[in-house]
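These notes concern the structure reproduced below.
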Amino acid sequence: MDEKMVDALNRQLNAELYSAYLYLSMGTYFESMDMSGFSNWMRVQAQEELAHAMKIHDFIIQRGERVILKRIDSPPTEWESARDAFEHVYSHEQKVTGLINQLVNLALSLGDHATNNFLQWFVAEQVEEEESSSGVLKKVKMAEDSLSALLMLDNELAQRVFTPPTSTK
Ligand SMILES: [Fe+2]
Ligand SMILES: [Fe+2]
């Protein structure tokens, strides 16, 4: 594998771990606000990000290359409101989509079709990530002026469960 591709995949592995860290931090923020359903949604989101990181980890090894674990930045710890936090989730996911697109561009420029094929799972996953985060953001905006609506949304988000991704999904 081209060294540039290995470096870029290792950076993305770090970015996925940072995403997990960011969402765990949002989870503890919501826990401190006694919004345990919102916190649950973030915990599940963090587990998904760890699964993304492991997918990249395993692919690097499968290709006979070396995983290099770098320092993970500290995430923010406070947000102004549920809306502020979900605006952050949505913009963060849009940023990650940009990173995945850059990885695909690099794989194609190197003629690395195996890595391009691997990355297509992430291309599809980012469509879902943007859809789900913007979907919750819309609901938060609708509920933000009513405590009962916000509590109903908290109950809804408490239902989310983590399902590990399979090799094809
Ligand atoms: Fe991710
Ligand atoms: Fe994500």
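Where a number appears in this text, it was derived from the coordinates with a stated rule and is not lab data. Because the structure is predicted, anything quoted here is derived from the model rather than measured. In this analysis, Cβ positions are derived from the backbone assuming ideal geometry, glycine residues included, and neighbour counts consider all displayed protein chains.
Looking at the stretch 29-42 only, could you name the residues that are among the aliphatic types (A, V, I, L, M) and part of a loop (DSSP other than H, G, I, E, B)?
Taking the stretch 29-42 as the starting set, the residues that turn out to be among the aliphatic types (A, V, I, L, M) are 33, 35, 42.
Met33, Met35 - these are the residues of the stretch 29-42 that are among the aliphatic types (A, V, I, L, M) and part of a loop (DSSP other than H, G, I, E, B).
Restricting to the stretch 35-65, what's the tally of residues that are touching a Leu at 6+ places or on another chain (Cβ under 9 Å), of a type in the set (A, V, I, L, M, F, W, C) and under 15 Å from Met5 (Cα atoms)?
Qualifying residue count for the region: 3.
Just checking, does the stretch 43-63 include any residue being more than 16 Å from ligand 1 (Cβ to nearest atom), in contact with a helix residue (DSSP H, G or I) (Cβ under 9 Å, 6 or more places away or on another chain), within 19 Å of Lys138 (Cα to Cα) and part of a helix (DSSP H, G or I)?
no
State which residue is surrounded by the most Cβ atoms within 10 Å (Cβ to Cβ) when the search covers only the stretch 1-40 and only residues that are charged (D, E, K, R) and closer than 23 Å to Asn116 by Cβ.
Ranking the candidates gives Glu16 first.
Here are Leu106, Leu119, Leu153: which of them is buried (at least 17 other Cβ atoms within 10 Å of the Cβ), out of contact with any strand residue (DSSP E or B) (no Cβ under 9 Å at 6 or more places or on another chain) and farther than 28 Å from Arg11 by Cα? Walk me through it before giving the result.
On the way: Leu106 fails: farther than 28 Å from Arg11 by Cα; Leu119 fails: farther than 28 Å from Arg11 by Cα.
The match here is Leu153.
Considering only the stretch 87-143, state which residues are among the acidic types (Asp, Glu) and not in a helix (DSSP H, G or I).
Listed by number, the list holds a single entry, Asp112.
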